[in-house]
Ligand code: GTP
Ligand code: SPV
Ligand code: MN
C-alpha cells in the first residue's frame, strides 16, 4: 500500500499534510499481519529497543525498558481542546484549539515540524471493536514509534480492510503520535526516544482528533485506548446516546448454568483486569472475560444495554500479578506473543516483577542495573505493564467478539478506600446509582504520574478520561436512565481495599470477590436479601462459607459506618461545588437525601 493508491481526497490531504509537517524519511502502511509485526520487532531487536525473551519461557515475546521520564500517563500534560474552557469542564486541562495547534503544528516552530526526520512514519488503520460491529469505530494512528505499532497490533484490530473502508468514506478518528525525537544523519538513536520535557497529549473533540507528542508510553501513545476509546468516544457517546466507559466486562455463570454479564468501573490499577479474569473460590461459579478496561454500550431493541470490548488485547499492570492473584493473566502471558514494558529480565531470559510467585536470585532491573533477591529497590517499575492478546486468555468468553455485544445486568463502581466504604452497597435506584458513580473516590496509584496514595474523587473512574464537562457527563448518565423502555442494569458500589484500624486488609480480595459477585447475581434475580441502610442496600448475609475470617472483620465490611459517612458529606459538597450550575439537580437531591438519612 502507498498513498498514491488512495482515492479519498480528504484522507490523502490529511495524510500528506502530516507527512509534509513531520518529514519522515519513509512512510509505511501497517496491515496487521504477523509478517509485518515480526519484521518491525526484529528491527527493534537490532536497534536494542526490544530484548527477545527466551522462546521456551515466553515464546515470541519481548522486553522493553522506557526512559525514566516516561513511565506512565501524564494527566497534567493531557488537554481537552474544545472550543471553550467551559466545554472541557473543571476536571480537564483545557487549551484553546487554535493555540494548541500552533504549539504543535506551527509551520515555523511547531513541535511536530520535522519531528520524524530520520524516522519512519507508520500509518496504522485500526478498529476499536470487532470490524463489523455496529458499536465499533475506526481510527488511523500515524506514529514514528515501532514499539507503538507492535502494541497497537495487539491492542486493536489492524487491517487493510479498515483502510479500504475509510478510503470509501467511513468516518474515522484522526490520531497522530510522535515521540518527538528527530534524528540527524549519523545520530545514535536512544532505545526509548521521547521528549520527556515537552509532552502533549491533546484531544480535539469537535474534529475527533488526537495529537500526542513527546511520550511513547501506554495511554499516552497507544491512541486507540484512553485517548480515543474514552476521551473522544465519551463525546461521541454523549452526542449519539450511548456510553463509553472505563469498565471491564465479565460473564458470570452460576452453578445452574445461568449467565449474567457485569461491567465494572474501577480507577486505574484498582482491580479491573483482576476481576475480569478471576478464578472464583466459590464452587460452581464461573467468571469469563469479555474485556478488562473499556466498555462501549448501546441500547438494544429489547431496551437493555449491550456492551462490547473495543480492545483486542490487555495492557495490564504487571506488579502483583501472579498464579496466586491472577492465574489467568499469568497463563495468558505465558503463552507468549507479548510485550513486557519496564519489567525486570532474569538470567534465563524470562521476565520478573514484584509479587510474582517465585523471586529469582538475580535479574536485571527495569533501570538495567543488576538486581539481587532481597534488594530494597524495585526490580520492576510500579507501572510496568504486559501487552497480551486477549484471545490467549484461557477464560476469554466465546462471545467476546460478538458484534452485537453482551447485555449488562449490573454495573459495579469501586476504588481503593482504606476506610468508611463497605465491601458492597446496592443503589436503590438509577439516580442513586449515578450519585454513587459521581461520588466515587480512590487512593491514587502508579498508573499516572503523581503522588501515590492520595485520596481523590474519581467519578465513574473517568476523571482522567472524560472528554467533556463532567457535570454534563453526569447528566448524560441520568438521561440514559430516562430512556423510555430501558431495562437498566442494577448499580453497586464495591470496595476490595478496606483496611482495619491496625492496617491489615479486611478482605482477601481476588478470587474471593466471587462472593460479592454471587450476591449481585442473586440480587438481580431477587433471590438474595439486603438490609436497607442510609447509604444503600447492604447484604443481609454474604456467602462467607469456608473463609477463615474474624467475625468482627465481616461485620465491619458489611455495615454502614454512619459517623464515617457523615464526615464524607462536606467532601462531597466540595466536590460537587466544582461543577457549578452544570451539576444535575438530581445529584444534589441525592446528597440531601443521604445527609437526612444519616442524621436520623
Ligand atoms: P489499569 O490497567 O491501570 O486500568 O488497572 P486495573 O484496574 O485493571 O487494575 P489491576 O487488575 O491490574 O490491579 C492493579 C493492582 O491491584 C494489582 O497490583 C493487583 O494485584 C491489585 N488488586 C487487584 N484486585 C485486588 C483485590 O481484590 N484486592 C487487593 N488487595 N488488591 C487487588
Ligand atoms: C490506565 O491507566 O487506566 C490504563 C493504562 O489502563 S494506560 O493505557 O496507560 O492508560
Ligand atoms: Mn485502565
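Between 389, 407, 422, 394, which is surrounded by fewer than 18 Cβ atoms within 10 Å (Cβ to Cβ) and either away from ligand 1 (no atom under 13 Å from the Cβ) or not assigned by TED's automatic domain parsing to the domain that holds residue 448 (or both)?
One residue alone meets the criteria, 394.
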Just one of (1) touching a strand residue (DSSP E or B) at 6+ places or on another chain (Cβ under 9 Å); (2) within 15 Å of ligand 1 (Cβ to nearest atom); (3) outside any helix (DSSP H, G or I); (4) under 29 Å from residue 549 (Cβ atoms) trips up residue 464, so point out which.
(4)
Filter result for residue 459 (over 19 Å from the mean Cα position of the chain (by Cα) and within 16 Å of ligand 1 (Cβ to nearest atom)):
no
Flagged in region 510-532 as crowded, with 20+ Cβ neighbours inside 10 Å and away from ligand 1 (no atom under 16 Å from the Cβ), in numbering order, are 521, 523
Among the residues of region 431-443, which ones are within 14 Å of ligand 1 (Cβ to nearest atom) and surrounded by fewer than 21 Cβ atoms within 10 Å (Cβ to Cβ)?
443
Collect the residues in region 577-588 that are without any contact (Cβ under 8 Å) to a residue 24 or more places away in the chain and surrounded by 12 or more Cβ atoms within 10 Å (Cβ to Cβ), keeping them in residue-number order.
588
Which ones in region 76-94 are in contact (Cβ under 8 Å) with a residue 40 or more places away in the chain, closer than 27 Å to residue 446 by Cβ and surrounded by fewer than 18 Cβ atoms within 10 Å (Cβ to Cβ)?
76, 90
What strands (runs of 3 or more DSSP E), lying completely within region 314-365, carry at least 1 residues that are within 16 Å of ligand 2 (Cβ to nearest atom) and touching a residue at least 60 places away in the same chain (Cβ under 8 Å)?
339-341
Is there a residue being in contact with a strand residue (DSSP E or B) (Cβ under 9 Å, 6 or more places away or on another chain), within 13 Å of ligand 2 (Cβ to nearest atom) and touching a residue at least 40 places away in the same chain (Cβ under 8 Å) anywhere in region 249-262?
no
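Over 16 Å from residue 200 (Cβ atoms), in contact (Cβ under 8 Å) with a residue 12 or more places away in the chain, surrounded by fewer than 18 Cβ atoms within 10 Å (Cβ to Cβ) and not assigned by TED's automatic domain parsing to the domain that holds residue 450: is that true of residue 23 in this structure?
Taking the combined requirement at face value, the residue satisfies it.
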The residue that is nearest to residue 580 (Cα to Cα), considering only those in region 481-500 that are touching a helix residue (DSSP H, G or I) at 6+ places or on another chain (Cβ under 8 Å) and surrounded by fewer than 23 Cβ atoms within 10 Å (Cβ to Cβ), is 481
Counting only residues that are in contact with a helix residue (DSSP H, G or I) (Cβ under 6 Å, 6 or more places away or on another chain) and assigned to a loop (DSSP other than H, G, I, E, B), how many does region 375-421 have?
4
Is it the case that some residue within region 435-451 is over 20 Å from the mean Cα position of the chain (by Cα) and part of a loop (DSSP other than H, G, I, E, B)?
no
Within region 451-473, work out how many residues are buried (at least 22 other Cβ atoms within 10 Å of the Cβ), within 19 Å of residue 264 (Cβ to Cβ) and away from ligand 2 (no atom under 16 Å from the Cβ).
1
Out of everything in region 294-311 that is out of contact with any helix residue (DSSP H, G or I) (no Cβ under 6 Å at 6 or more places or on another chain) and assigned to a loop (DSSP other than H, G, I, E, B), what residue ends up being farthest from ligand 1 (Cβ to nearest atom)?
301
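Each row is one residue, and each column tells you yes or no for (1) under 19 Å from the mean Cα position of the chain (by Cα); (2) closer than 21 Å to residue 310 by Cβ; (3) within 16 Å of ligand 3 (Cβ to nearest atom).
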{"position": "170", "(1), (2), (3)": "no, yes, no"}
{"position": "173", "(1), (2), (3)": "yes, yes, no"}
{"position": "179", "(1), (2), (3)": "no, no, no"}
{"position": "188", "(1), (2), (3)": "no, no, no"}
{"position": "235", "(1), (2), (3)": "yes, yes, no"}
{"position": "250", "(1), (2), (3)": "yes, yes, yes"}
Examine region 541-551 for a residue that is at pLDDT 95 or above, within 30 Å of the chain's Cα centre (by Cα) and closer than 15 Å to residue 427 by Cα, and state whether such a residue exists.
no
Could you tell me how many of the residues in region 206-234 are under 19 Å from residue 458 (Cβ atoms) and more than 15 Å from ligand 2 (Cβ to nearest atom)?
0
Looking at the structure I just gave you, is residue 185 in the same structural domain as residue 514 (by TED's automatic domain parsing), over 24 Å from residue 478 (Cα atoms) and out of contact with any helix residue (DSSP H, G or I) (no Cβ under 9 Å at 6 or more places or on another chain)?
no
Return a yes/no flag: does region 540-562 have any residue that is in contact (Cβ under 8 Å) with a residue 60 or more places away in the chain, touching a helix residue (DSSP H, G or I) at 6+ places or on another chain (Cβ under 8 Å), over 19 Å from residue 272 (Cα atoms) and in a helix (DSSP H, G or I).
no
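Taking region 120-134 as the search range and keeping residues that are in a loop (DSSP other than H, G, I, E, B) and at pLDDT 95 or above, which one is nearest to residue 17 (Cα to Cα)?
129
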Search region 514-536 for residues that are without any contact (Cβ under 8 Å) to a residue 12 or more places away in the chain and pair each with any residue that is in a helix (DSSP H, G or I) when their beta-carbon atoms are under 9 Å apart and the residues are at least 6 apart or on different chains.
527/521
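Could you tell me which of the residues 553, 548, 561 is in the same structural domain as residue 287 (by TED's automatic domain parsing) and loosely packed, with under 13 Cβ neighbours inside 10 Å? Outline the logic, then answer.
Values: 553 fails: loosely packed, with under 13 Cβ neighbours inside 10 Å; 561 fails: loosely packed, with under 13 Cβ neighbours inside 10 Å.
Selected residue: 548, the only one of 553, 548, 561 that is in the same structural domain as residue 287 (by TED's automatic domain parsing) and loosely packed, with under 13 Cβ neighbours inside 10 Å.
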Report yes if residue 283 is touching a strand residue (DSSP E or B) at 6+ places or on another chain (Cβ under 7 Å), without any contact (Cβ under 8 Å) to a residue 60 or more places away in the chain and not assigned by TED's automatic domain parsing to the domain that holds residue 330, otherwise no.
no
For residue 162, indicate whether it is in contact (Cβ under 8 Å) with a residue 40 or more places away in the chain and either in contact with a helix residue (DSSP H, G or I) (Cβ under 8 Å, 6 or more places away or on another chain) or not in a strand (DSSP E or B) (or both).
no
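The values are calculated or read from the model by the stated rules, or taken from the named source; none is laboratory data. Bear in mind that the values here come from a model prediction, so they are computed numbers and not experimental data. Note that we place each Cβ from the backbone using ideal geometry, even for glycine, and neighbour counts take in every protein chain shown.
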